[in-house]
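For reference, the structure is listed below as structure tokens.
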């Protein structure tokens, strides 16, 4: 068997895609028209539009590009899908992949995109019932993004990857004393469902079981709310009115608004956060319990899927291939969506990566050494539960409901949502 060098692999991939994209007079006269829809941020929008422009010029394909923030994106996508007007190319998240695939709104991609340069794990993250429905655009893990200079002010020069919640409370409290009432140690993570999941994972529990049922108890929810209630009362995190201003857009996180030194995000988001922050940022694992695991796992940061209603699925597949395998496309996207799954793509990027890019790759590699297996996918109705936690956590933070009542409400309503959605 002949072993190819990295240069040969990259050259081969580039030649294959270039051949596929070579325009012809017939193509120019009968150019395909596709729509591409993604959730994003200013940096992702810029990169994606640039890639689509390059592809369009090479192939003659007309591509309408559209982007929204996380919350608005899923609302609009659901409406368009229900109306039979879904985009050809749909940026997909692991939490929604099973729901959309099992409703037969996505196209199986095994034949169109074999992805021979992806590991089995990277391919399997986009599979539902044994079929590929989403192409992994990059891997990531949850992370704490922090203002390095602010932590140094309280004596933290490097983050210990095994730091605990007690360490977190102490550091956050010390930072909050620097500018009392105007700047806090950390954002309030009580309303972020992925944060709750991470905390459960640390204790050997999970958010959902493989059957799509809630795997947590109301006591688990009460413990989560109590953790953040104590931090809020101690002044280590902002009051409720500040926390409620974060609707998951990069610019709305407390660290981006100059209100806190730390925020809970996903590792690939460091690129977008740094793009709008003047101070140097870094990432670290979440604080953890004194015993148990870190709770971290490696997941697809985003995937790209094709609508089952697309009239040009082959052309849509070529665009995805250009994103994840063609050197030119890979360079345009960089690692803003996570660490590329293709070894050839990583080899393409590595020589030109800046410190931020290397930080992200190193972070995912280090987390992967102790990561737990990828949890069961969120079941149908998970998006509604995500919004439910935000509402209940806010009610607790504002003092409109007690921790015990809020925990019971979230647990019981989660069970009802899952039963109704099954």
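Bear in mind that the values in this text are calculations on the coordinates, not laboratory data. As the structure is a prediction and not an experimental result, all values here were calculated from the model. Positions of Cβ are backbone-derived with ideal geometry, glycine not excepted, and every protein chain shown enters the neighbour counts.
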key: Helix-derived mean residue ellipticity, 222 nm - over the chain, DSSP H n ≥ 4, -39500 (n - 2.57), to 500   = -14000 deg cm²/dmol
task = Please give the contour-minus-distance gain from residue 230 to residue 82: 0.36 nm per residue of separation, less the Cα-Cα distance, rounded to one decimal in nm.
result = 49.0 nm
ask   = residue 249 to residue 291: FRET efficiency via 1/(1 + (r/R0)^6), r the Cβ-Cβ distance, R0 45 Å, to the nearest 0.05?
value = 0.80
remark   = Checked against the structure, the computed log10 I(q)/I(0) by the Debye sum over Cα atoms at q = 0.08, 0.13 Å⁻¹ among (1) -0.53, -1.17; (2) -0.38, -1.11; (3) -0.45, -1.17 is the one labelled (3)
Over region 187-324, equivalent-ellipsoid semi-axes from the Cα gyration tensor in Å = 31, 23, 14
query = In what sequence do 303, 159 fall when counting other Cβ within 10 Å, fewest first?
reply = 159, 303
inquiry  = Run the numbers for residue 241 and residue 398: contour at 0.36 nm per residue of separation, minus the present Cα-Cα distance, in nm.
reply    = 55.8 nm
note = So residue 178 and residue 148, fully extended at 0.36 nm per residue minus their Cα-Cα distance, gain in nm 9.3 nm
request  = Would you order 219, 129 from fewest to most other beta-carbon atoms within 10 Å of each residue's own beta-carbon?
outcome  = 129, 219
key: Residue among 142, 57, 309 with the largest mean-square fluctuation in a Gaussian network model of the chain, springs linking Cα atoms under 10 Å   = 57
inquiry  = I'd like the orientation of helix 165-176 relative to the chain: the angle between its Cα long axis and the longest Cα principal axis, in ° from 0 to 90, rounded to 10.
reply    = 80 degrees
note = Candidates 165, 39, 228; GNM for the chain (alpha-carbon contacts under 10 Å) flags as most fluctuating 165
task = Provide the percentage of antiparallel DSSP beta bridges, counting only those with both residues in the chain; round to the nearest 5.
result = 65 percent
query = If one takes the longest principal axis of the Cα atoms in the chain, at what angle in degrees, from 0 to 90 and to the nearest 10, does the Cα axis of helix 70-82 lie?
reply = 50 degrees
note = Helix 218-233: inclination vs the chain longest Cα principal axis, degrees, rounded to 10, gives 70 degrees
query = Say each of residue 158 and residue 413 gets a label point 7 Å from the Cα, pointing the same way as Cα to Cβ; how far apart are those two points in nm?
reply = 4.5 nm
task = Report the FRET efficiency, 1/(1 + (r/R0)^6), for residue 70 and residue 205, where r is their Cβ-Cβ distance and R0 is 30 Å, rounded to 0.05.
result = 0.75
